[in-house]
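Asker: Below is one structure. I have some questions about it.
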Amino acid sequence: MALPHLIQAAHTASPGVVPTPSNAAGGASAALDIPALRRALGQFGTGVTVIATRTVSGEMVGLTANSFSALSLEPPLVTWALRLASHNLAVFDAADTFVVNVLAEAQVDLSRKFATHAANKFEGVAYAPNAQGDPLIHGATAWFECRTVSRQTVGDHRLFIAQVDRFTSAEGAPLLFHAGAYFTLGSQL
């Protein structure tokens, strides 16, 4: 169901009737409006990460991702997804390990940098290699050192499932992403 249908239903519904997927205009059988779906999915606020690894020749490769998610505590598993059209797909397919760097709110410029197709995104970025040589970016709020256990093609993305071998967290507020924009952490409710 497309978001505009819910908005339209909210304006045309009888007083006291809250639009739901079952009573909103358009119905479940309507064709999905992909741009509207993207906007609706954007209503789910996320953290912002730089997922990084290295090539077989040792070059550091990283990208901004907000598809990162916890999957399991026992065993400790995380997941993230990468577009099949990404120029970084072959690198991550070939890599056995990677690091998820959870960005701090002061690292919005890093997020933007790693969201580009720049050749050497790590130029000028402070990081330290872990035992596998993957980059731990300085100033992040958490680091998850991961080993890929599964790769699956689902739709137009490759889904990576990885075991967390090591993790570290630091004090500080994370960078957040919502509705196509960056945000800082607000007040605790």
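The values are calculated or read from the model by the stated rules, or taken from the named source; none is laboratory data. This structure is a prediction, so every number in the text was calculated from the model and none was measured. Using ideal geometry, Cβ is built from the backbone for each residue, glycine included, and neighbour counts are taken over all protein chains shown. With ligands, DNA and RNA removed, areas are computed over all heavy atoms of the protein, side chains included. Shrake-Rupley method; radii C 1.70, N 1.55, O 1.52, S 1.80 Å.
Asker: If you place +1 on the Cβ of every Lys and Arg and -1 on the Cβ of every Asp and Glu, how big does the dipole about the Cα centre of the stretch 122-189 come out, in debye to the nearest 20? Spell out each step's value before the answer.
Answerer: Numbers: 4 positive and 6 negative charges, 41 e Å.
Roughly 200 debye for the stretch 122-189.
Asker: Ratio of alpha-carbon Rg to the 2.2 N^0.38 Å globular estimate for the stretch 53-137, to two decimals, please. Kindly include the intermediate steps, with their values, before the conclusion.
Answerer: Numbers: Rg = 13.0 Å, N = 85, 2.2 N^0.38 = 11.9 Å.
Expressed relative to 2.2 N^0.38 Å, the Cα Rg reads 1.09.
Asker: Now for a different question. Taking H placed 1.01 Å from N in the peptide plane, check which residues at least 5 places from Tyr127 or on another chain put their amide H under 5 Å from its amide H.
Answerer: His138
Asker: Another question, then. Tell me, what % of the accessible area of the stretch 99-160 is carbon and sulfur with a 1.4 angstrom probe? Display every interim value, and only then the final one.
Answerer: Numbers: 1670 of 3050 Å².
Carbon plus sulfur share of accessible area: 55 percent.
Asker: May I ask you to order 91-97, 144-150 by the average number of other C-beta atoms within 10 Å around their residues, highest value first? Show your work: numbers first, answer last.
Answerer: Numbers: 91-97: 15.9, 144-150: 17.9.
Most protected by this proxy first, the peptides run 144-150, 91-97.
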